[in-house]
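Nothing in this text is a laboratory measurement; each read-out follows from the coordinates by a stated rule. These figures come from a predicted structure and were not determined experimentally. Glycine gets a Cβ as well: all are built from the backbone with ideal geometry, and neighbour counts include every protein chain shown.
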Amino acid sequence: MLDIQNIQLAFGGVKALSGVSVSADTGKITAVIGPNGAGKTSLFNVISGFYKPQKGRVTLDGEDISSLKPHQRAYRGMARTFQNIALFHGMTVTDNIKLGAHTHLKSGILSAGLLLPITRREEADLEKEAAEVIELLELDKVRNDQVEDLAYGLQKRVELARALVMRPKILLLDEPVAGMNREEKSEMSRFVLRVKEDLNTTVLLIEHDMSMVMGISDAIVVLSFGEPIASGTPDEVRNNPEVIKAYLGSVDETTKSAA
């Protein structure tokens, strides 16, 4: 579904990414992990089109999208959530979610102002799609609430819903459980799995919470200082010496510290 090949990204003389390649298989959850400063967010910004790399290629569903702008990538089926919540206060949960479907709307200002048949049909379809996503993520009880009145974990779930109403081919999740308590993390993990299983959505996520990553991922890619150091299944990555060293230091250093 998504294939990133040999990405090179530098800011001035500072290398942010060097030779990074990642593949996200259709209908699977792929996680990108690494210590702070490893280049995870830079990679997401390249994939989304916010950064233009000096070298490399991004392919979505067989199409080279390396030169496309972020909104053009969204039209082709790429949706992204961000670490910081970016909901519209003063609007309900349902209205925030419906805003995510703007890439699929065909009617213009005139037809919307005159409530022409195409506008009414689109509005009916959008209401149905929003209702399906609300049911999937168990937001029924708060669908008419103002988003600013919701608990943090529910706000993050609304952001996920807004991305899903775009009907994405691939969903990019930027630290989906950052700042959550244990119960909220467990719920979000369950919903991400549901998105994969019920909608067959391809998911690429970056996350620091290793319990979540190891629990829901089909494949994991590990970055360190902008370079890939390991990839594989959760069990393969968990036992990889390079990964252990990147997170914990070498075995010798860990032993000395304990002494």
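Across the chain, C-alpha contacts under 8 Å between residues 6 or more apart give a mean separation that, scaled by the residue count, equals a relative contact order of 29 percent. Full extension of the chain segment joining Asn36 with Arg182 gains 50.4 nm, where the gain is 0.36 nm per residue of separation less the Cα-Cα distance. The charge dipole of the range 171-250, taken about the Cα centre with unit charges on the Cβ atoms of Lys, Arg (+1) and Asp, Glu (-1), comes to about 120 debye, rounded to the nearest 20. Multiplying the residue separation of Ser23 and Thr59 by 0.36 nm and subtracting their alpha-carbon distance yields 12.0 nm.
Here the 3J(HN,Hα) profile of the range 8-21, calculated from phi with Karplus coefficients 6.51, -1.76 and 1.60 at θ = phi - 60°, is 10, 9, 9, 10, x, x, 9, 7, 9, 9, 9, x, 8, 10 Hz, Gly and Pro shown as x.
Relative to the longest principal axis of the Cα atoms of the chain, the long axis of helix 117-136 lies at roughly 40 degrees.
Distances between placed amide hydrogens fall under 5 Å for Leu205 paired with Thr30, Ala31, Val32, Leu173, all partners being 5 or more residues away or on another chain.
Please get the size of the charge dipole for the chain, origin at its Cα centre, with Cβ charges of +1 on Lys and Arg and -1 on Asp and Glu, quoted in debye to the nearest 20.
740
On a 0 to 90° scale, report how tilted helix 152-164 is relative to the longest principal axis of the chain, with both axes built from alpha carbons and the result rounded to the nearest 10. Tilt of helix 152-164: around 70 degrees. Using the Cβ-Cβ distance between Arg194 and Lys52 with R0 set to 41 Å, the FRET efficiency works out to roughly 0.75. Taking each DSSP H run with n ≥ 4 as -39500 (n - 2.57) and averaging over every residue of the chain yields -11500 deg cm²/dmol at 222 nm. Where both partners of a DSSP beta bridge lie in the chain, what percent of those bridges are antiparallel, to the nearest 5? Within the chain, antiparallel bridges account for around 55 percent of the total.
For a straight C-alpha distance cut-off of 16 angstrom, the aspartates and glutamates reachable from Lys169 (same-chain residues fewer than eight places away being disregarded) are Asp3, Asp25, Asp61, Glu63, Asp64, Glu129, Glu197, Asp198. Could you give the angle, 0 to 90 degrees to the nearest 10, between helix 182-199's Cα long axis and the longest principal axis of the Cα atoms of the chain? Roughly 70 degrees between the two axes. The stretch between Asn144 and Tyr247, if pulled fully straight at 0.36 nm per residue, gains 32.7 nm over its current Cα-Cα span. Spacing of the modelled spin labels on Met210 and Arg238, each 7 Å from Cα toward Cβ, amounts to 1.0 nm.
In this structure the amide hydrogen of Tyr51, modeled in the peptide plane, comes within under 5 Å of the amide hydrogens of Val46, none closer than 5 places in sequence on its chain.
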